[in-house]
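The values are calculated or read from the model by the stated rules, or taken from the named source; none is laboratory data. This structure is a prediction, so every number in the text was calculated from the model and none was measured. Note that each Cβ is placed from the backbone with ideal geometry, even for glycine, and that neighbours are counted across all protein chains shown.
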Amino acid sequence: MRQAVSTLGVLLLVGLTMGASGLHPAPLRAVAVYERKCSSCHGKEGALLERGFEKKYASASELREVVASMPGAIGMRREELDTMIAYLRAISREEPFLVWTERKDNALEGEVSPGTALVRAAAGRKTLKVVRPEPNRWRIELPRDARLEDVEITAQSGKGRTTLRLRDAPYSHTR
Ligand code: HEC
């Protein structure tokens with residue numbers, strides 16, 4: 001019982017701190033899930049998908065239907081599917097994809113594709129150090145005085161450049 005109460009307390013506290021900014025990480029590690037469930041048919045980082053394939057679909061909901069019907073997508077929640085579709089748009093446009101997936105205190109973690117892309121981060125005017133635990137992952141430490149709303153992450157590769165502003169969304173290519 002006591003443990004249940006303290007767990008609840010921690011959850012409330014986490015809820016309050018996160019709620020303070022109202023910004024949340026994405027619900028899906030889209031790049032890792034893609035590699036695990038989709039790459040066997042569509043290639044590493046989407047290499048076998050046709051460039052510009054999204055143009056074949058008249059609307060976003062048509063593309064959603066196709067993706068939702070894929071073997072690895074069965075049972076995905078709507079918000080998870082949204083994250084995956086954003087990644088697919090980036091692949092279709094040959095642009096780097098960025099997603100924020102975790103927050104542990106002041107540490108933020110996420111994914112980038114392709115893994116060869118150069119990732120930079122800033123909070124307002126302050127440049128933040130970016131660590132890459134794995135080619136497709138990035139990690140930054142938010143200084144105490146920095147606000148989540150001010151964090152901007154960019155990814156640069158031969159394929160172009162993508163900027164993710166956490167105040168807008170937890171991942172790029174939302175449309
Ligand atoms: C067993 C092989 C297989 C797996 C696994 C698979 N797909 Fe597919 N996918 C296909 C085939 C075959 C097509 C083309 C036929 C069709 O449109 O249904 C396709 C079509 C697509 C298209 C449309 C491409 C275009 O050019 O229009 C997208 C996007 C896509 N898949 C995404 C995914 C995602 C995301 C996953 C993982 C969640 C996935 N697929 C898993 C076989 C697979």
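Would you check if Glu109 is under 18 Å from Ala26 (Cβ atoms) and either of a type outside the set (Gly, Ala, Ser) or within 16 Å of the ligand (Cβ to nearest atom) (or both)?
yes
Considering each residue of the range 18-53, count those that are among the acidic types (Asp, Glu) and at pLDDT below 95, and give that number. If you could, list the steps in order and put the result at the bottom.
Of the range 18-53, the ones among the acidic types (Asp, Glu) are 35, 45, 50.
When the remaining residues are screened for being at pLDDT below 95, the result is none.
Qualifying residue count, the range 18-53: 0.
When you check Thr101 against the structure, is it closer than 12 Å to Ala30 by Cα and part of a helix (DSSP H, G or I), yes or no? Quick ask: steps written out before the conclusion?
Values: closer than 12 Å to Ala30 by Cα: yes; part of a helix (DSSP H, G or I): no.
The answer is no for Thr101.
Name the residue that is nearest to the ligand (Cβ to nearest atom), counting only residues in the range 94-106 that are among the charged types (D, E, K, R) and within 16 Å of Lys44 (Cα to Cα).
So the first thing to find is which residues in the range 94-106 are among the charged types (D, E, K, R), and the list is 94-95, 102-105.
Now drop any that are not within 16 Å of Lys44 (Cα to Cα), which leaves 94-95.
On the way: Glu94: 14, Glu95: 15 Å.
This residue is Glu94.
Please go through the range 104-125 and give me each residue that is buried (at least 19 other Cβ atoms within 10 Å of the Cβ) and assigned to a strand (DSSP E or B), ordered by number. Can you show your working first?
Step one: of the range 104-125, the residues buried (at least 19 other Cβ atoms within 10 Å of the Cβ) are 108, 110-114, 117, 119, 121, 123.
Hits for the range 104-125 are Leu108, Gly110, Glu111, Val112, Ser113, Val119, Ala121, Ala123.
Got a sec? Which of Val119, Val99 is over 20 Å from Glu54 (Cβ atoms) and among the hydrophobic types (A, V, I, L, M, F, W, C)? Before the answer, list the steps.
On the way: Val99 fails: over 20 Å from Glu54 (Cβ atoms).
None of the others qualify; the one that does is Val119.
For Thr127, state whether it is under 18 Å from Arg165 (Cβ atoms) and in contact (Cβ under 8 Å) with a residue 60 or more places away in the chain.
Working: under 18 Å from Arg165 (Cβ atoms): yes; in contact (Cβ under 8 Å) with a residue 60 or more places away in the chain: no.
No: the conditions fail for Thr127.
Suppose the filter is near the ligand (Cβ under 10 Å from one of its atoms) and either hydroxyl-bearing (Ser, Thr, Tyr) or within 29 Å of Leu148 (Cβ to Cβ) (or both); does Ile85 pass it? Show your work before the answer.
Values: near the ligand (Cβ under 10 Å from one of its atoms): yes; either hydroxyl-bearing (Ser, Thr, Tyr) or within 29 Å of Leu148 (Cβ to Cβ) (or both): yes.
The answer is yes for Ile85.
State which residue is farthest from the ligand (Cβ to nearest atom) when the search covers only the range 61-78 and only residues that are touching a residue at least 24 places away in the same chain (Cβ under 8 Å) and within 21 Å of the chain's Cα centre (by Cα).
Arg77
Look at Val99 and say whether it is in contact with a helix residue (DSSP H, G or I) (Cβ under 7 Å, 6 or more places away or on another chain), buried (at least 20 other Cβ atoms within 10 Å of the Cβ), under 23 Å from Gly160 (Cβ atoms) and not small (Gly, Ala, Ser).
On the way: in contact with a helix residue (DSSP H, G or I) (Cβ under 7 Å, 6 or more places away or on another chain): yes; buried (at least 20 other Cβ atoms within 10 Å of the Cβ): yes; under 23 Å from Gly160 (Cβ atoms): yes; not small (Gly, Ala, Ser): yes.
Answer is yes for this residue.
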